[in-house]
Amino acid sequence: MSSAWARFALLAALLLAGCEREKRVYSGQPATNPAGELYQENAYDVAQGKRLYTWMNCTGCHAHGGGGIGPALMDNRWIYGGKIQQIYRSIRDGRKNGMPAWKNRLTDQQIWQLAAYVRSMGRYVRKDVAPSRDDALNSGKAESRRERSAPLEPGR
Amino acid sequence: MNWQSALDPHSANARHLADLFWFFTALCAAIWLLVVAALLRAIRHPGLAGEQDPPERQLRKSRIVGALTALTVLILVVFTAASFYTTRSFAWPDMNTLRIKVTGQQWWWQVEYRNHDASQVLTTANEIHIPVGRPVTLELHATDVIHSFWVPDLMGKQDLIPGRTNYLTLQADHAGVYRGQCAEFCGLEHARMAIWVFAQEPSAFEAWRRHALMPNTMPDGGAAAKGAYIFVHRQCASCHAINGSDAAGQTGPDLTHFGARATIAAGTLHNTAANLDRWLADPQAVKPGANMPKVDLSAPDRAALVAFLEGLK
Amino acid sequence: MSAPLLDTDLAPAEVSARLEAVWSEPKTLWGWFATVDHKKIGRRYVVTALIFLLLGGLAALVMRAQLGTPDNHLVGPDVYNQLFTMHGSTMMFLFAVPVMETLGVYLVPLMIGTRTVAFPRLNAFSYWVYLFGGAMLWIAFFVNSGPDAGWFSYVPLAGPQYGIGKRSDIWAQMITYTELSGLAVAVNTIVTVFKMRCPGMSIDRIPLFVWAQLVTAFMIVFAMPAVMVSSTMLICDRLVGTHFFNWAEGGDVLLWQHLFWFFGHPEVYFIFLPATGIVSAIIVPFARRKMFGYSVLVLALFATGFLAFGLWVHHMFVTGLPRLGESFFTASSMAVAVPSGMQIFCWIATLWDGRLRFATPLLFVFGFIFNFVAGGLTGVMVASVPIDTQVHDTYFVVAHFHYVLVGGAVFPLLGGIYYWFPKFYGRMLDERMGKWNFWLAMVGFNLAFFPMHILGLMGMPRRIYTYPAEMGWGGMNLASTIGAFLFAASFALLAVNIVRALRRAPGAPANPWDAGSLEWAPASPPPPHNFTFTPVVASREPLWDTPELPVTTGLHADRRETVITSLVEAEPQMCESSPPPSIWPFVAALVISVTLLGSIFTPWALVWGLVPVGITLIGWFWPKGAKEEES
Amino acid sequence: MKVERDVSALPRHGFGTHSLTWWGTLGFMALEGSGFVLAAGAYLYLMTLAQKWPLNAPQPDVWPGTVVAIMLLASLPLNMLMSRWAKQEDLVKVRWGLVGMSLFGIAPLIVRCFEFSAVNVRWDDNGYGSVVWFLLGLHTTHIFADVAETLVLTALMFTRHGQNGRRFGDVHDNAFYWYFVVLTWLPIYALLYWVPRAA
């Protein structure tokens, strides 16, 4: 009997995860998410982050995650930490050696979305939340098809 | 107000379409009435004994059905021919006329007046100005999903398809304002993706074009100057460009001469100071899902921005 | 093997009792899931489809409420887009096509005088797959993952980049389920009609309803694979990174539209042709007259079925295709009006001299002609390329296809429900409520959809979730919304009528309408084996022409067996046994559904799923020693 | 009761056009065939849009596909005999024929594994790769399904259920379907390997 309940609970959890994954909040994020974790569990936010990644020309330095002038974003080496809050801070405030601060160029919500997308590049988000390929020139495996990178190395 | 109606044509092309439409409608309505009359007559007609028609009656009915079928074929031939000749009456796209590249994006229109001379290339958004009495060739592109360009007063619609280029010829008979909107479902804000066509006398058009090519002069004092500073140094400039300022964002609509435009956010609101303030306060409350984020601005900052943008005539 | 027991060895009453026992399944839970009775499956299918009609209708009502006034905020764009996608997908894939196909699952064997369908287990499997697919779609909707790219799922909007989340995957996989089930039913119908008609039912005596089902089944076999191919390509683009629709890597956006409409246009006829079959089936008994122009009507079915494959491009007139091609497709789209016209003429010619009985089913046929002809004529208008450039993707088209699909298929279906309800459930529906139902439906439907023609011409595009007041569309939208609620009320009345009838004791006679076709020969509802002795027919309306049907003997009375006849003349060729109940179709449908659902999240699910799917299929086909399997 | 026909003397199972499953198999061939035609149509459609074909990929290596074609064709005589033996209800011949057909089915599947790499393009490289893999995958599914069915039938025929007219009907229909699997490969083979060379 208890296993039946457990199965039911699992099913309910899966369905609710579906709810969260697809929710679309257009304006700001509710106060229930002060640390911004929910952004990386939401397919819409991650997809918006991916748009911003292109629109803000992040590819100029980081390419499609493999890095170039700037560091790679799809491996497990994170100079300033790979948690979403740390990535958020890197984008918002910028980092030395060339990473500009985006706090006056993007809104808080957009920075969170961008950070959530960056997390998806090494597939540190769920597979069903990570974006699929773009309608553009082939740039390798889409985020949703990548294997999750190795566990994060602690930030320096 | 018939500013977006297929039945209120303001160009030769749209008139041909409306004429064809009325021709079809008249004939179809007559056919419908005849069928319904026949049905009513059949209902009232007294029944005959037996389960099957006698042979001579069968033959008579067969002749009638045969004749009606032949008549159907004839009418359809007429319809097909009429359609064919209406299509033929439309000119092929002419690349030597005024060419305007229209790019559909989620959920606004980018408009670029082509010219061999790079200094004469003009970029604007959500509004097209055309000279009256001259064919204008629209070059239709899309960068994200499929959209469809449709200004019914002037011409039928044509899709904008990623990876393909379509052409549409517009020619307005007389000066006026014609509204159109995206006709192919394109996602969240498909409902709020309007475009306005301003048909102007050639001289007025030329004057508009010259003016629109010029950079905006930046305000040198007061609220507007503060607004200009905010625009360039806050989030606005990441996506929007204004010729004459340092703002050079490429992903949102070009806002040069924004104050002279009729609407905000692709026809969502009329362009008034109050509406602009409402839009800037929270775009997502007005056009949920649009790519313009809610930027945290104090009321005075917003007022300054409004003053600046509305001043970009 | 025990000595075979033939029906000639027993008294007729004894045969009937034996066959009833042989053709029933145990009245247990297992029996409920294991049944392969085409009538039970058919009834479940129809009821399930009507539940989906209810859900799709509710979605439409919310949409109408939203559009009733300008700048309305009842629902936002996200919910609205999901609503119209759900409405369209549900009505097309989960209601209209299945309900029409499976009215045939119930009626075709009865009408052709046989005991079951050709592949009863496949039939049960179809139902379960369909049920699971539909349930998945609606559960997804309720957890905020309803598809939102329209029932046509155009790429790139439904593609990997712009179709965010799992929504379009769910749509694409729902297609797999429903097409699997639709194709299986189609094959079943074809073989049943080809090989199982009772002796004497040569091809010139097949009821028009059965002809319609047969032609539809053929269309399904050739058209549905197109949407299977395209939805598989879509899901591959989304999940494993193929580039079918990626214009930057050698794919093409319009490839989707070609494939989708190669299926999508014939699909309209999957719905309409069986509806014409219903119309023909109703007109004859209620006009008390044999059909005028039987062969013309059969020819018209074939002509429509054939032409339907040559007009898919008329959905793409504004995509910028070459002009010459457009002219061809204008002509072909118009040509399809010819067979429809011929059908209408023949029906009116039959009614002309008939001694009409103004019962509800016939009223719905009148409503059908009234509405469908209007929809057909606006169809001729949109077939014209120049006119289409103005009305394409506007409310004019919404009006047009609702006149065709609701007027042309739902009205006949409602008439069919009133006509066949006594056969399905052994009870009559109330005639007075039926007439109310009809008039309410007529008024509601026309009030809801007529103004949309004008709205479209006034520039209102489809699929917009709101519009500004200054567009001047408010009044007519409000009228349309009121009409939609009236139309919904007519369905509520039907529901009340059905519930009240079901609460009465059964007592409908075998042939309450004094009809001539075979489904009215057995009791209402028919026994599990349909016919104690397979009838022999000598005309198109056997119950009229031979009050006591001649029969066939020599089948076994101790196992499920049917007569197999020749393709054209329906002369007996052999006796085929029919499989007993089995739980395996249900299990197989369950396992395949879980596998397909899993594949939305990881393609490996298809690989892992092979093992359980293989096991269930072996379980399904491995003989268990029943008489039917060994003889 | 007026008896007009008596069927007690008629056979209780049949082959070919008398059999329901034969018609059912034909129905499934028709719909799968229509799937093949549409997939091939998609291939040709994308080909006409492309600047060059194969698109950004070397020509496919013809050998594995050719070997598959030869293997499939080589299986036809035995398949033909199988149909005949099944009709004659010769259990011993049918048993060993099925073993043979299982091998004739498995062998091309093994070569097919190499074929996927011999096309010199991956499904996620570009539209050309996608449609090549799609056609190849579609056909592989058909071989796989028929081989699986053949294996189960083989096992079945070696049990006590084998000596039964209905089983021979199944064997006959299985052989019928194998023709379809073999014959569909020929146009796809031509399309995948020779059309791009001719273009």
Would a scan of the stretch B:284-298 turn up a residue that is farther than 25 Å from residue B:179 by Cβ, assigned to a helix (DSSP H, G or I) and among the aliphatic types (A, V, I, L, M)? no
Take the conditions surrounded by fewer than 23 Cβ atoms within 10 Å (Cβ to Cβ) and more than 16 Å from the chain's Cα centre (by Cα) and apply them to residue D:99. Does it pass? yes
Counted residues, the stretch A:100-120 - those being aliphatic (A, V, I, L, M) and out of contact with any Gly (no Cβ under 6 Å at 6 or more places or on another chain): 4
Within the stretch A:85-97, does at least one residue satisfy the condition of being within 16 Å of the chain's Cα centre (by Cα), surrounded by 17 or more Cβ atoms within 10 Å (Cβ to Cβ) and either in contact (Cβ under 8 Å) with a residue 40 or more places away in the chain or not in a helix (DSSP H, G or I) (or both)? yes
Unmet requirement for residue D:169, which otherwise passes all of (1) under 14 Å from the mean Cα position of the chain (by Cα); (2) farther than 19 Å from residue C:614 by Cα: (1)
Please go through the stretch D:119-150 and pick out each residue that is surrounded by fewer than 18 Cβ atoms within 10 Å (Cβ to Cβ) and among the hydrophobic types (A, V, I, L, M, F, W, C). D:144, D:145, D:148
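Among D:148, D:155, which is touching a helix residue (DSSP H, G or I) at 6+ places or on another chain (Cβ under 8 Å), part of a helix (DSSP H, G or I) and under 18 Å from residue D:102 (Cβ atoms)?
Numbers: D:155 fails: touching a helix residue (DSSP H, G or I) at 6+ places or on another chain (Cβ under 8 Å).
The match here is D:148.
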Where residues in the stretch B:166-190 are assigned to a loop (DSSP other than H, G, I, E, B) and within 8 Å of another protein chain (Cβ to nearest Cβ), which of them is nearest to the chain's Cα centre (by Cα)? B:182
Residues to consider are A:52, A:137, A:106; find the one that is within 27 Å of residue B:253 (Cβ to Cβ), part of a helix (DSSP H, G or I) and either in contact with an Asp or Glu (Cβ under 9 Å, 6 or more places away or on another chain) or not charged (D, E, K, R) (or both). A:52
For the stretch D:48-77: of the residues being over 23 Å from residue D:183 (Cα atoms) and outside any loop (DSSP other than H, G, I, E, B), which is nearest to the other protein chains (Cβ to nearest Cβ)? D:49
So for the stretch C:308-324 (the condition being over 28 Å from residue C:226 (Cα atoms) and in a helix (DSSP H, G or I)), does at least one residue qualify? no
Flagged in the stretch C:439-464 as touching a Gly at 6+ places or on another chain (Cβ under 9 Å), within 14 Å of chain B (Cβ to nearest Cβ) and either surrounded by fewer than 21 Cβ atoms within 10 Å (Cβ to Cβ) or in contact (Cβ under 8 Å) with a residue 40 or more places away in the chain (or both), in numbering order, are C:442, C:446, C:450, C:459, C:462, C:463
Among the residues in the stretch C:362-370, are any facing another protein chain (nearest Cβ under 7 Å), outside any helix (DSSP H, G or I), closer than 17 Å to residue C:280 by Cα and aliphatic (A, V, I, L, M)? no
Take the conditions in a helix (DSSP H, G or I), touching a residue at least 60 places away in the same chain (Cβ under 8 Å) and under 28 Å from the mean Cα position of the chain (by Cα) and apply them to residue C:582. Does it pass? no
Condition check: of a type outside the set (Gly, Ala, Ser), touching a residue at least 24 places away in the same chain (Cβ under 8 Å) and either within 7 Å of chain C (Cβ to nearest Cβ) or buried (at least 17 other Cβ atoms within 10 Å of the Cβ) (or both). Does residue B:68 satisfy that? no
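Among the residues of the stretch B:110-133, write down those that are closer than 13 Å to residue B:100 by Cα and either within 14 Å of chain C (Cβ to nearest Cβ) or more than 14 Å from the chain's Cα centre (by Cα) (or both).
Listed by number, the residues that qualify are B:112, B:113, B:114, B:115, B:116, B:120, B:121, B:122, B:123, B:124, B:131.
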Name the pairs whose Cβ atoms lie under 7 Å apart, with the first residue in the stretch C:617-631 and facing chain D (nearest Cβ under 8 Å) and without any contact (Cβ under 8 Å) to a residue 60 or more places away in the chain, the second basic (Lys, Arg) and surrounded by 15 or more Cβ atoms within 10 Å (Cβ to Cβ), and 6 or more positions between them or separate chains? C:629/D:166
Options B:227, B:249, B:221: the member that is within 28 Å of the chain's Cα centre (by Cα) and not hydroxyl-bearing (Ser, Thr, Tyr): B:249
Name the one entry in B:199, B:212 that is touching a Gly at 6+ places or on another chain (Cβ under 7 Å) and away from every other protein chain (no Cβ under 14 Å). B:199
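We did not get these values from a lab; they are worked out from the coordinates using the rules stated. These numbers come from a predicted model, not from an experiment. Note that each Cβ is placed from the backbone with ideal geometry, even for glycine, and that neighbours are counted across all protein chains shown.
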